[in-house]
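The values are calculated or read from the model by the stated rules, or taken from the named source; none is laboratory data. Bear in mind the structure is a predicted one, so any value in this text is a computation, not a measurement. Cβ sites come from the backbone with ideal geometry, for glycine too, and all protein chains shown count toward neighbours.
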Amino acid sequence: MAEQEICPRCGLPKELCVCDILDKEGAKRIKVTTQKTKFNKVMTVVSGLVGDELEKTAKDLKRILSCGGTAKNGIIELQGDHKEAVKKALIQLGYPEDSIEIA
């Protein structure tokens, strides 16, 4: 019998692990804003995500929105004005709609 991988966080087998879902549902307030950068370029900033979900969500958002960006210092920076599209993408990724605030 092959040994199953166990999640270090919840102790369940990897196939039954729900850590990702709990992280998304436990997200406090996700705030989506825009900022002007050098040369009057617009950047969309997503804050309120923590830990492992920050990098994974940044990668998913960049793929869905077809734009460049980075995740650093607890925020996700995306190139361009994507406020409404980010909200739709976050809902598609499993974040609760009432926790996403667009400013």
Practice task
For ASP81, indicate whether it is touching a Ser or Thr at 6+ places or on another chain (Cβ under 6 Å) and on the phi < 0 side of the Ramachandran plot.
Solution key: yes
Completion exercise
Per the filter on region 57-103, residues part of a helix (DSSP H, G or I), surrounded by 15 or more Cβ atoms within 10 Å (Cβ to Cβ) and touching a residue at least 24 places away in the same chain (Cβ under 8 Å) are THR57, ASP60, LEU61, ILE64, LEU65, LYS83, VAL86, LYS87, ALA89, LEU90, SER99
Practice task
Test each condition in (1) surrounded by 12 or more Cβ atoms within 10 Å (Cβ to Cβ); (2) over 20 Å from ALA103 (Cα atoms) for LYS38 and report the one that comes out false.
Solution key: (1)
Practice task
Would you confirm whether any residue within region 82-96 is out of contact with any helix residue (DSSP H, G or I) (no Cβ under 8 Å at 6 or more places or on another chain), of a type in the set (S, T, N, Q) and farther than 15 Å from VAL50 by Cα?
Solution key: no
Exercise for the section: Determine which member of the set GLY48, GLY69 is closer than 23 Å to VAL18 by Cβ and either touching an Asp or Glu at 6+ places or on another chain (Cβ under 7 Å) or at pLDDT below 95 (or both). Expected result: GLY48
Exercise for the section: Would you check if there is a residue in region 5-14 being under 11 Å from the mean Cα position of the chain (by Cα) and either in a helix (DSSP H, G or I) or in contact (Cβ under 8 Å) with a residue 60 or more places away in the chain (or both)? Expected result: no
Exercise for the section: Hey, can you tell me all the residues within region 36-56 that are under 17 Å from TYR95 (Cα atoms), in contact with a strand residue (DSSP E or B) (Cβ under 8 Å, 6 or more places away or on another chain) and in a loop (DSSP other than H, G, I, E, B)? Expected result: GLY48, LEU49
Practice task
Give region 89-103 a look and list any residue that's at pLDDT 90 or above and over 12 Å from the mean Cα position of the chain (by Cα), or say none.
Solution key: GLU101, ILE102
Practice task
Inspect all residues belonging to region 70-78 and state whether any of them is under 15 Å from LYS28 (Cα atoms) and touching a Gly at 6+ places or on another chain (Cβ under 9 Å).
Solution key: yes
Completion exercise
Picked from region 18-35 (must be at pLDDT below 80 and part of a loop (DSSP other than H, G, I, E, B)), the residue surrounded by the most Cβ atoms within 10 Å (Cβ to Cβ) is ALA27
